[in-house]
Amino acid sequence: MRALLPLLALLLGACASGGGHRDEIVPPEAMALPPPPSDGAIYTPGVGLALFEDQRARRVGDLLTVLLVERTDAQKKANSASKKESKVGIDGPTLLGRPLSAGGVPLLETELGGKQSFNGGGSSTQSNALSGSLGVMVLRVLPNGTLQVRGSKEITLNQGAETIFVEGLVRPQDIAADNTLRSDRIANARISYAGKGALADANEMGWLARFFNSALFPF
């Protein structure tokens, strides 16, 4: 039992540290602190009172809504063709004005020829679209006023879970009066949409099929 105690302590420590990636979304400086106790005065230090300004996010810890309007379309097509033909002939030698031959067949007379051609073509078309909305939090305010935001949303269904993640830099001027922001206004944006569960597994190619469709397959 004494030998198992250190192992149990390590396992408990690993369990306690697992799942900490959710807390990374909100850094310590963005945590909301409880307001200081009021002394009955009209003005209380540390408590914001905005009567004549909008409610758009501009400080660390503020929230805003990102409207996902992502859509990409890409198309590429290429065709190439090449053809080459060559021919070389060598006449046989002559002796005393007559060609050398054996049984009527000329000797040392040959002709070389070669021909090669190549035709290739390829095309690729890809289209992606992502719509919806999610809330993000202001993590940092840069010296020029640009906001660094990050947020995620996880939707758990009966057949799996869907996760949306957004991170990037935002200009305060691009935030609408209703505190919303289009995703195409985010600089250095990282937007990911992923799913896991039974439906995602059914829609994924198996490892053997991936091998036959990879560059490692020689045929």
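The values are calculated or read from the model by the stated rules, or taken from the named source; none is laboratory data. Here the structure is a predicted model, which is why all the values come from computation and not from measurement. Note that we place each Cβ from the backbone using ideal geometry, even for glycine, and neighbour counts take in every protein chain shown. Note: accessible area is taken over every heavy atom of the protein model, side chains too, but ligands, DNA and RNA are not part of it. Shrake-Rupley method; radii C 1.70, N 1.55, O 1.52, S 1.80 Å.
Of note:
- Residues of type lysines that Lys84 reaches as a straight line, Cα spacing below 24 Å, ignoring anything fewer than 8 places off in the same chain: Lys115
- Diffusion of region 88-142 by Stokes-Einstein, at 4 °C in a medium of 1.567 mPa s and with Rh set to the Kirkwood radius over alpha-carbon pairs, works out to 66 µm²/s.
- Taking the protein heavy atoms of region 87-173 in the context of the full set of protein chains, the accessible area attributed to carbon and sulfur is 52 percent at 1.4 Å.
- Charged neighbours of Gln126, selected by a Cβ distance under 11 Å, balance to 0 (K, R count +1; D, E count -1).
- Counting only protein heavy atoms and a 1.4 Å probe, region 94-179 has 67 square angstrom of accessible area per residue.
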